[in-house]
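A.B. asks: Let me give you the structure first, and then I'll get to my questions.
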Amino acid sequence: MRTGSRVRFARSGPPANHNKTFRIASIQVVLKDWNEEGARREMRFPILKASLAAALLLAAAVYPGQAQQTENQGQGRALITVIPKGKNASAPQLSQQNLSITVGGKSANITRLTPATGRNGALELVMMLDSGASTSLGTQMSDIKNFITSLPPDARVSLAWMQNGVAHLTGPLTTDHQAALRGLHIPSGFAMEDASPYFCLSDLAKHWPSSDPNARREVVMISDGADYYYRSYDLNDPYVQAAITDSVRSGLTVYTIYWRNKGRFDRTWYANDLGQNLMLEVTQATGGNSYWEGMGNPVSLQPFFKDLDKRLGNQYEVGFVAPLQNKSRVLNMKVKTEGVSGAKIVAPQQVYVGRTSMQ
């Protein structure tokens, strides 16, 4: 014997001949009793009927609303950076009361604000270099080595070379920084060897060499940003937009350093300006920063790495719950501060919001 029940709104006309109904506040509760042969019979116990009717009405009034509330919420996290304004100033401490967040144009509730230090400061960093970069990048090898070796001892590091749209890692993420540097060499300098730096960034995001959900994922990309597969002066370059989406979904914070590639196209003002602006789009969307000196190669990368080191040492992870319709997605995010002086807050302009788990 099995019993089924359903709730429906009352409508004009008599109920079905084989259904027993109760009218409560314009809602009919229809109770059916099925035997093993599939024949319907009316239940013979009025008290049981009334109890089931009340329970069904309570479920209809309460649980759908709760399910809808849960289904319309998503959760996410973002990495923000606090940059002190003074040259030798220290970054102020943040609290949840200092921040307000909007995600997808709607207010979000901050659930936690954790400094990225100590046990909460796990760092994974990939230095991604353009194989098509001018061989003059060889003059900066010492600055790159000094930056890698100056990272915290427990930071996990790897190098990757951009070739034919793929980020070729020279080894796994490791705390042995000297071992990671064995993959460092002067670039080949062949024009268009990377195909598109944004293909390479998407590839790295989709195949990040770690599954640690709590580590910060930072990328330092050295390139001129020129996209050979989309040379129109269009900041809505579809490959750039795809790289941004892939990076945000993977939780990457991307920093770019401009270094001109080899090739006739890369020597034009058009390519230089476009490349810098496209890389700026990526870094703003992910919460990183873009470094360059005019349209030429910088004399030294050391000032850039010094600033980057300061940023890595002043980061917070923000957890939040935000309104979310339909499926998980990448949404725009804005962060406002209150009561914070002597510092600038850098936050990603886009964030991945996933479904909250059903309790």
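A.B. asks: Can you run down the residue pairs with Cβ atoms below 6 Å, 6 or more apart or on separate chains, where the first is in region 131-153 and under 17 Å from Gly296 (Cβ atoms) and the partner is of a type outside the set (A, V, I, L, M) and part of a helix (DSSP H, G or I)?
C.D. replies: Asp143/Gln302
Every residue, every condition in (1) surrounded by 23 or more Cβ atoms within 10 Å (Cβ to Cβ); (2) in a loop (DSSP other than H, G, I, E, B); (3) in contact with a strand residue (DSSP E or B) (Cβ under 6 Å, 6 or more places away or on another chain), yes or no:
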residue	(1), (2), (3)
Ser211	no, yes, no
Asn214	no, yes, no
Val219	yes, no, yes
Asp234	no, yes, no
Tyr270	no, no, no
Leu280	no, no, yes
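A.B. asks: Is it the case that Asp227 is in the same structural domain as Leu159 (by TED's automatic domain parsing), of a type in the set (D, E, K, R) and out of contact with any Pro (no Cβ under 8 Å at 6 or more places or on another chain)?
C.D. replies: no
A.B. asks: So if I check each of Val254, Val248, Val299, which one is of a type outside the set (S, T, N, Q), out of contact with any Asp or Glu (no Cβ under 9 Å at 6 or more places or on another chain) and outside the structural domain of Pro348 (by TED's automatic domain parsing)?
C.D. replies: Of Val254, Val248, Val299, the one residue that is of a type outside the set (S, T, N, Q), out of contact with any Asp or Glu (no Cβ under 9 Å at 6 or more places or on another chain) and outside the structural domain of Pro348 (by TED's automatic domain parsing) is Val248.
The values are calculated or read from the model by the stated rules, or taken from the named source; none is laboratory data. This one's a predicted model, so the numbers in the text were calculated from it and none came from an experiment. Glycine gets a Cβ as well: all are built from the backbone with ideal geometry, and neighbour counts include every protein chain shown.
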